[in-house]
Amino acid sequence: MVRRTQAHTRPLDERARSVLRAIIEEYVATAIPVGSHALVDRYGLGVSSATIRSVMADLERAGLIGQPHTSAGRVPSDEGYRLYVESLAAPVPLEPVDQLMIRHQFGQVAFSSEQWFRLAASILASTTRAAGLVTPVQPGRARVRRVHLAQVHPRLAALVLVLAEGSMRQALVGLPIEADQASLDEAAGRLDRILAGKTATQAAQLVERLDPLAQAIGRRVAALMHEIDASRVEGFFSDGLLNVMEAPEFARTETLRRVFAALQDQGYLGRLVGHVARRRGVRVFIGHENLLDDMSDVSLVMAPFGHGGRLFGIVGVLGPTRMAYPRTIGAVGFVSGLMNELVGQLYA
């Protein structure tokens, strides 16, 4: 895999964009570093090998491609893939016949979210020839029961947040002004009155109306609850991990061993769910963009699913950075949309 080098800063002209697109698509198809002759022979770029070599040199200086070992060919960098995903290649939707078949498969399984999770992972694995992943989250959102504060320093307090189901979380809170214990007790009382039974999103909105001290503490409460919601992960359903193991990038088994270990980390899965859930639609994490160094040799294409403003999980694909991104993004988008429909039917 090509590591991070200098990121490009200037927009590429159309010729450079065409060459970069061709390099990426050729490398994704063959897993072989791409030389200028291969591009001339297969992509009809209308220029000579010498011109393509010049453009490739520019792309390499921009950090979009690199030269592995002493090979004459070039391979895309993480930055090259990122540019490709964002501006060179549009998502490729699944064929209507494939969409119909997938809907039929879901119609054949029991009316059960767990069955759907397993089937979604299997369908994504077979459709993309990578690993399908589905990470459900525990139903419901954390809600506030009580807020306790203890002075640590005039500008620092210990926060104990008691949730509606009885669990507790602790955190430190920096204070905007000096405050004694009496002031903290008063602030905790105000927060108890307005936040009892509220979710993270509701709490974040309500605390903006408070005085600076209670507001700062309330913002920390809301942020802590968002962290709690993001970590409510029940593990994951997967299929097609063998597809990833067979990729030539992973001939060294220790690389995939680190990836599989990361996927068992509840904290990592919780952070991943939180990142994906922050906005609608498909998100792509390429190589070093992943949240853990142990995941820097793979890419994730993920999307959230839920109903009525409630997040039920994320669905997506894990594979080498040498991934067919347009088709993968299209497949993940379709399956996440279908999961939204099914969850909506289940909880309507």
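The numbers here are math on the coordinates, done by the rules we state, and not lab data. Bear in mind the structure is a predicted one, so any value in this text is a computation, not a measurement. Positions of Cβ are generated from backbone atoms using ideal geometry, with glycine treated the same way; all protein chains shown enter the neighbour counts.
Summary table
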| quantity | calculated |
| --- | --- |
| Contour excess over end-to-end distance, with Cα ends at Gln105 and Arg155 and 0.36 nm allotted per residue | 12.2 nm |
| Cα-based equivalent ellipsoid, the chain: semi-axes from gyration tensor eigenvalues, Å | 45, 26, 17 |
| Cα-based Kirkwood hydrodynamic radius, the stretch 144-230, one decimal, Å | 12.5 Å |
| Relative contact order of the stretch 144-230, defined on C-alpha pairs under 8 angstrom at six or more residues apart (%) | 27 percent |
| Residue-wise HN-Hα coupling along the stretch 83-88, computed from phi with Karplus coefficients 6.51, -1.76, 1.60 (Hz; x: Gly, Pro) | 5, 4, 5, 7, 9, 9 |
| The chain - mean residue ellipticity at 222 nm from DSSP helices (-39,500 (n - 2.57) per run, n ≥ 4, rounded to 500) | -15000 deg cm²/dmol |
| Interchain or long-range residues, amide H under 5 Å from Thr321's placed H | Ser299 |
| Additional length obtainable on full extension of the chain from His69 to Val97, 0.36 nm per residue less Cα span | 5.7 nm |
| Two-site FRET efficiency, Glu341 against Leu172, from Cβ-Cβ distance with R₀ of 45 Å, rounded to 0.05 | 0.55 |
| Normalised contact order of the chain, rounded percent, pairs of Cα under 8 Å and 6 or more residues apart | 18 percent |
| Per principal axis, descending, Cα span of the stretch 244-334 in whole Å | 44, 30, 18 |
| Principal-axis tilt of helix 181-195 within the chain, Cα atoms, nearest 10 degrees | 70 degrees |
| Crossing angle, helix 14-30 versus the chain [Cα axis fit, 0-90 degrees, rounded to tens] | 90 degrees |
| Folded to 0 to 90 degrees: helix 266-277 orientation relative to the chain principal axis, Cα | 80 degrees |
